[in-house]
Amino acid sequence: MSYPIERVELRHLRMRLRSPFKTSFGVEDDREALAIRVWSDGVQGWGECPVAAFPGYSYETVGTAWHVLEAFFLPAVLGRAFEGAAELRLAMDHYKGHPLARAGLELALWDIIGRATGQSLRSLLGGTRERVPVGVSIGIQSDPAALVRAAGEYLAQGYRRIKVKIMPGRDLDDVRAVRQAFPEVALQVDANSAYTLDDAPRLRALDGLALLLIEQPLAEDDLIDHARLQAELRTPLCLDESILSARHARQALDLHACGIINIKPARVGGLSEAVAVHDLCRERGTAVWCGGMLETGIGRAANLALASLPGFTLPGDISASDRYYARDIAAPTFRLNPDSTIDVPTGPGLGVEVDLTELERVTVRKAEFVAG
Ligand code: SMG
Ligand code: MG
């Protein structure tokens with residue numbers, strides 16, 4: 001069975017976040033993203049590129065993703081037919097980089113395959129669980145007391161794992177305050193590359209706070225210093241931005257640059273590479289969890305399907321829809337179960353339907369492309 005790529009619609013979305021999300025690289029009041037709709041033989045599939053308005057988390061932005069899709073990736077696939085994601089990836093293989101852009105296109109093909117064959121994304125990917133453990137990621141707040149309040153609210157909603165964003169000057173006091181207020185909570189931190197090896201003594205102080213992990217303390221292109229830092233810490237380091245492929249994951253593990261890996265399908269260029277990272281880590285006995293990029297219901301559905309694979313043993317950054325948006329663009333929305341899990345969708349493909357009226361409301365630019 002082969003799936004033709006007949007027509008593609010790109011949309012630049014801007015959605016107001018329920019509260020600003022502040023990290024070491026900047027603040028987002030709105031989530032921007034690209035939605036991708038692909039028509040194939042009477043079936044429509046949806047994908048999402050969780051790019052931001054500015055190059056903070058990654059060098060990619062809504063502008064670069066739109067450009068590389070329009071100028072390179074779409075011309076490489078339009079008018080052709082693909083048996084699956086592996087073949088689609090091959091068609092874009094001679095172009096470098098831009099994983100968030102390519103992941104969105106690959107996701108739309110997975111959705112098409114699922115809808116055309118009546119299979120859920122979970123079963124296409126080899127997922128085994130019906131619900132997955134999740135936590136919540138809290139941005140940097142005005143002060144430690146505000147952080148403790150925010151954490152308390154999420155715990156009251158039922159989240160059992162908290163991730164705190166840190167940066168130089170906003171680390172020990174913040175994390176200590178949360179640890180003191182909630183001595184038993186599963187707690188981890190994420191620096192988004194804000195430190196250097198010179199900060200090792202400061203980061204060592206986090207060792208006393210019983211953290212599950214310290215995420216991406218150093219530069220994304222620096223496995224060597226992560227290995228040096230890991231040798232000085234008891235708490236496992238977890239890599240996020242550094243891991244763009246299964247090859248990176250293998251090298252990071254070989255170098256002992258981390259003990260845990262955060263897998264985001266967008267960051268590694270698509271779901272198939274995400275599964276490859278998962279498989280490698282599982283073979284090596286390395287724990288993984290599914291990261292988040294403040295996705296809309298489209299990307300969140302995909303993350304849930306991925307997180308249902310057996311190697312995802314730690315809670316993911318996959319919170320309920322209402323943690324992010326007053327109104328999402330896909331239904332059904334995702335709700336937190338009392339045991340801090342979220343149900344994995346079971347319908348064909350992504351298992352969610354896009355609300356075209358709401359989608360139109362949050363669209364700031366759209367265009368359609370056909371084989372030329
Ligand atoms: O989707 O709940 C979420 C956000 C999780 O903290 C989160 N993601 O570095 O892991 C990370 C950040 C990246 C956010 S980029 C917008
Ligand atoms: Mg991270």
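Quick check on this structure: which one of GLU215, GLU220 is buried (at least 21 other Cβ atoms within 10 Å of the Cβ) and within 15 Å of ligand 2 (Cβ to nearest atom)? Exactly one residue qualifies, and that residue is GLU215. Taking the condition within 13 Å of ligand 1 (Cβ to nearest atom) and either without any contact (Cβ under 8 Å) to a residue 60 or more places away in the chain or buried (at least 16 other Cβ atoms within 10 Å of the Cβ) (or both), does VAL77 pass? No, not satisfied. Screening the stretch 218-242 for residues that are more than 12 Å from ligand 1 (Cβ to nearest atom) and assigned to a loop (DSSP other than H, G, I, E, B) and picking the one that is farthest from PRO55 (Cα to Cα) gives ARG234. Considering only the stretch 319-331, I want to know if a residue exists there that is among the basic types (Lys, Arg), within 19 Å of GLN119 (Cα to Cα) and not in a strand (DSSP E or B). Within the stretch 319-331 (the criterion being among the basic types (Lys, Arg), within 19 Å of GLN119 (Cα to Cα) and not in a strand (DSSP E or B)), the answer is no, since none of the residues qualifies. Here is a check on your reading of the model: is ARG335 in contact with a strand residue (DSSP E or B) (Cβ under 9 Å, 6 or more places away or on another chain), in a loop (DSSP other than H, G, I, E, B) and basic (Lys, Arg)? Considered against the rule, which asks whether it is in contact with a strand residue (DSSP E or B) (Cβ under 9 Å, 6 or more places away or on another chain), in a loop (DSSP other than H, G, I, E, B) and basic (Lys, Arg), ARG335 comes out as yes. All conditions but one from (1) within 16 Å of ligand 2 (Cβ to nearest atom); (2) in contact with a Cys (Cβ under 9 Å, 6 or more places away or on another chain) apply to ILE36; the one that does not is (1). Looking across the stretch 307-322, the residues that are within 16 Å of ligand 2 (Cβ to nearest atom) and either of a type outside the set (Val, Ile, Thr) or surrounded by fewer than 21 Cβ atoms within 10 Å (Cβ to Cβ) (or both) come down to ALA307, PHE312, LEU314, PRO315, GLY316, ASP317, SER319. In the stretch 328-348, the residues that are under 13 Å from SER120 (Cα atoms) reach residues that are of a type in the set (Ser, Thr, Tyr) and outside any loop (DSSP other than H, G, I, E, B) with C-beta atoms within less than 7 angstrom, at least six apart or across chains, in these pairs: PRO345/SER120; THR346/SER120; GLY347/SER120; PRO348/SER120.
Computed from the coordinates by the stated procedures, all read-outs in this text should not be read as laboratory data. Just so it is clear, the structure is predicted and the values come from calculations on it, not from any experiment. Glycine gets a Cβ as well: all are built from the backbone with ideal geometry, and neighbour counts include every protein chain shown.
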